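Notes to accompany the following structure.
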Amino acid sequence: MTIGFVYALVGIASAVILAGIGSAVGIGYAANAAAGAMSEDPKKFGKYLPLIALPGTQGIYGFVIAFLMFLKLTSLNVDTNVGLAILAGCQPVAWAGLVSAIWQGKVCASGVGMSAKQPNESGKALVMGVFVEFYAVLGLIISIFVWTKIS
């Protein structure tokens, strides 16, 4: 096993771990708010579900990049430059996923509160959560750009 292979594995792991942590925390914020709102009206689970699930997309993005980068590893003898490129390429999705999922969870938790008081405004709550998603998508796109350049 070469040092390049280790660099690559650290990058791959960081994409999954950091984006996954962000998603778990973000979902926790939104689900906590939804549980409180559903204690008043349990029938609104379906209305809150998209707001609960939205922060989970960053974890999926991290997994997708990790999988794509893993496909670049053809053997245990990975050149140091390739390993560093994979490590660097995983960072945008890892860090954008971590931070945006946490903030998205907070926005979605607020959206649950808004939807509980103003049921006709749940679409607006979802749109506000999607605005935060944009930055996770940018991290995903940059990681994909790097992935396409690794040979």
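Brief remarks follow.
- When Lys47 is tested against (1) more than 15 Å from Gly129 (Cβ to Cβ); (2) touching a Ser or Thr at 6+ places or on another chain (Cβ under 8 Å), just one condition goes unmet, and that condition is (1).
- Scanning the range 42-56 turns up one or more residues that are among the basic types (Lys, Arg), surrounded by 14 or more Cβ atoms within 10 Å (Cβ to Cβ) and farther than 30 Å from Tyr7 by Cα.
- If you go through the range 120-137 and keep only what is crowded, with 20+ Cβ neighbours inside 10 Å and among the acidic types (Asp, Glu), you end up with nothing.
Here's the yes/no breakdown for (1) of a type in the set (A, V, I, L, M); (2) under 20 Å from the mean Cα position of the chain (by Cα):
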residue: Ser75; (1), (2): no, no
residue: Leu84; (1), (2): yes, no
residue: Ser100; (1), (2): no, yes
residue: Ser115; (1), (2): no, no
residue: Pro119; (1), (2): no, no
residue: Gly123; (1), (2): no, no
residue: Phe145; (1), (2): no, yes
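- Taking residues in the range 34-63 that are over 16 Å from Val127 (Cβ atoms), and partners anywhere that are among the aromatic types (Phe, Trp, Tyr) and surrounded by 18 or more Cβ atoms within 10 Å (Cβ to Cβ), the pairs with Cβ atoms closer than 8 Å and at least 6 places apart or on different chains are Ala34/Tyr48; Ala37/Tyr48; Met38/Tyr48.
- Positions within the range 70-119 being touching a residue at least 24 places away in the same chain (Cβ under 8 Å), farther than 30 Å from Ser39 by Cβ and open to solvent by 80 Å² or more (accessible area, probe 1.4 Å), in sequence order: Phe70, Leu76, Asn77, Asp79, Asn81, Trp95
- Residue check for Phe5: part of a helix (DSSP H, G or I) and open to solvent by 30 Å² or more (accessible area, probe 1.4 Å): no
- From the list Ala19, Ala37, Ala15, the lone residue that is open to solvent by less than 40 Å² (accessible area, probe 1.4 Å), aliphatic (A, V, I, L, M) and either over 14 Å from the mean Cα position of the chain (by Cα) or modelled with pLDDT under 95 (or both) is Ala37.
The values are calculated or read from the model by the stated rules, or taken from the named source; none is laboratory data. A quick note: this is a predicted structure, and the numbers were derived from the prediction, not measured. Heads up, the Cβs are rebuilt from the backbone with ideal geometry, glycines too, and the neighbour counts pull from every protein chain shown. Accessible surface areas use protein heavy atoms only, side chains included; no ligands, DNA or RNA. Shrake-Rupley method; radii C 1.70, N 1.55, O 1.52, S 1.80 Å.
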